Structure formats: C-alpha cells, structure tokens
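Chemist: Below are the structure tokens for one structure; questions will follow.
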Amino acid sequence: MVQATGIDHIVLHVSDVERARKFYTDVLGMNVYRQNERQVFLHAGTQGVALFKKGGDAPLATGNDMNHLALTVADGGYETLKAALESHGVKVTGRPGEEHCIYFQDPDGHRLQLMVHK
C-alpha cells in the first residue's frame, strides 16, 4: 500500500505563465522554486502550486477544473486582507450567507479563497 503524507503541489493551467507568476508572487506572496518558459513552481509555505502553460489551440477552460483553492494566510482580518487584494485590482466577493469570506479569482479565472486560522 502507498501511504500519501501530503500534497506536494497542484497544477493550474494558465494562458500566460509570466502574468500568472506575477499574480501569485506579487499579490499572494508565494516563492518561485523552479521555472522555465512553460511552467513555474511556487511554494506557499510547505505546499506547492505549479502554473503550466495551456497547450494546443483549445480554449482555456480553467476556472472550471476545480471548485476553488483555499490558501491559508499568516495573519490579517477580513478588512485588511480585502484591502490588500483590492490594492492590486482584485475583486473580492463573499459567499451567500457569509459575506466575510474572501473569495477572488486569479487572472485565468481560478477561484481562490483566503483562510486565517487562529
């Protein structure tokens, strides 16, 4: 039997690797640990996110390949985190019944959420 002990990384398909890298590093504070012209691997703490250039001529169908990616953050309340995202031109939404949830999209339409655990 294989015993998985965690998730090394998830892969998101993007239309522009450099634009996506800048969003995930400049807006979300992730760190690049490997990159080439078609992909970039980032760390968010000990977890990884990989951004792969969409291949072929098929339309980019991202944003529909998962419900959302929830990211933990070190600190900050709703207003502080919302303001930080909005300062980068990111539109923040809540979810029905919980307006203080922080949902937003990356430049390729992937739905992201910020989680503060205290």
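The values are calculated or read from the model by the stated rules, or taken from the named source; none is laboratory data. Remember, predicted model here, so these are calculated numbers, not experimental data. Reconstructed Cβ throughout: ideal geometry from the backbone, glycine too, with neighbour counts over all protein chains shown. Remember, those area values only see protein heavy atoms, side chains included, never the ligands or the DNA or RNA. Shrake-Rupley method; radii C 1.70, N 1.55, O 1.52, S 1.80 Å.
Chemist: For segment 11-57, which residues satisfy the criterion of being within 15 Å of Arg111 (Cα to Cα) and open to solvent by less than 30 Å² (accessible area, probe 1.4 Å)?
Modeler: Leu12, Val14, Ala20, Phe23, Tyr24, Val49, Leu51 - these are the residues of segment 11-57 that are within 15 Å of Arg111 (Cα to Cα) and open to solvent by less than 30 Å² (accessible area, probe 1.4 Å).
Chemist: For segment 79-118, enumerate the residues that are more than 22 Å from Val17 (Cα to Cα) and of a type in the set (Lys, Arg).
Modeler: Of everything in segment 79-118, those that are more than 22 Å from Val17 (Cα to Cα) and of a type in the set (Lys, Arg) turn out to be Lys82, Arg95, Lys118.
Chemist: Ok, one more. So which pairs qualify, if the first residue must be in segment 85-103 and under 20 Å from Gly29 (Cα atoms), the second must be surrounded by 13 or more Cβ atoms within 10 Å (Cβ to Cβ) and among the basic types (Lys, Arg), the Cβ gap must be under 8 Å, and the two must be at least 6 apart or on different chains?
Modeler: Qualifying pairs under 8 Å: Val92/Lys82; Ile102/Lys82; Tyr103/Arg111.
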